[in-house]
Amino acid sequence: SAIVAIRGSDKFEEDLGDMKALRERRTKYENVLNEFLSKVKYDLDYRFNLAVKKIGDEEDSKSILKQLGCLMIYSGLTLFTKEVSSETFYELVAIYETSTNPLYQNIFTNLHKRLATSNQETFSLANANAFNASKVNSKPHKNSVESKQDRLRQRFGLLESHDTASNDSVSSIATSSSDNMAVFQIFDQIQRLVISQQDFLLKFFHLSNE
């Protein structure tokens with residue numbers, strides 16, 4: 001027993017050997033994992049930019065949804081990355097934001113231009129209608145008899161406003177309806193883009209608590 005005490009326990013040496021082997025395997029695993037995660041970042045960066053390139057000038061909801069759907073096949077990689085390396089996971093989120101930010105900036109810039117153009121056209125049309133209405137109102141009546149009759153009818157409240165400005169009223173209503181429709185269409189497109197983007201982020205990066 002004295003010899004064993006001096007030499008050390010065989011089991012103790014065996015435990016030390018196991019710990020050394022575990023450290024070596026862990027180091028090897030970490031090296032392989034880091035290499036794999038590096039390739040994941042590179043590949044997804046390429047995929048994100050490729051999706052943006054394919055959308056190109058077709059910045060409608062269908063084109064965007066199609067490309068986002070193609071990216072969903074790589075959602076398993078983001079889930080694995082989230083489980084093994086939170087640092088790399090958030091780097092992937094930042095890569096996605098950097099890749100797609102120019103696309104969405106361009107989309108919203110174009111939508112803003114469309115809205116501004118629509119407002120300008122509406123303003124010009126409203127001014128034209130007002131000018132035409134003033135010209136109609138400034139024209140003399142065909143004869144003094146009709147003029148006197150109109151003044152008498154107006155004095156006693158028998159001359160309705162739409163008799164002299166019906167065309168202007170109809171034009172104003174049409175202009176207002178057209179303007180509202182253009183605004184609603186633009187905001188509807190913005191809403192669909194935002195919702196599709198939120199849904200994709202939740203699913204692709206597994207951000208839901210479920």
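The values are calculated or read from the model by the stated rules, or taken from the named source; none is laboratory data. Since we're looking at a predicted model, the values are computed, not measured. For neighbour counting, all protein chains shown are included, and Cβ atoms are generated from backbone atoms with ideal geometry for every residue, glycine included. Only protein heavy atoms, including side chains, enter the accessible area calculation; ligands, DNA and RNA are left aside. Shrake-Rupley method; radii C 1.70, N 1.55, O 1.52, S 1.80 Å.
Could you please state how large a percent of the accessible area of segment 22-98 is carbon and sulfur, counting protein chains only and using a 1.4 Å probe? Reported share for carbon and sulfur atoms: 55 percent. Each label was represented as a point 7 Å from its Cα along the Cα-to-Cβ direction; for SER61 and LEU79 these points are 2.8 nm apart.
Grab the Cα-Cα distance for LEU202 and ASP18, subtract it from 0.36 nm times how many residues apart they are, and report the gain in nm with one decimal. Don't skip to the answer; put the middle values down first.
On the way: separation 184, 0.36 × 184 = 66.24 nm, distance 4.26 nm.
Once the chain is fully extended between LEU202 and ASP18, it gains 62.0 nm.
3J(HN,Hα) couplings calculated from phi for segment 89-96 with the Karplus curve 6.51 cos²θ - 1.76 cosθ + 1.60 (θ = phi - 60°) are, in sequence order, 4, 6, 5, 5, 4, 5, 5, 4 Hz; Gly and Pro show x.
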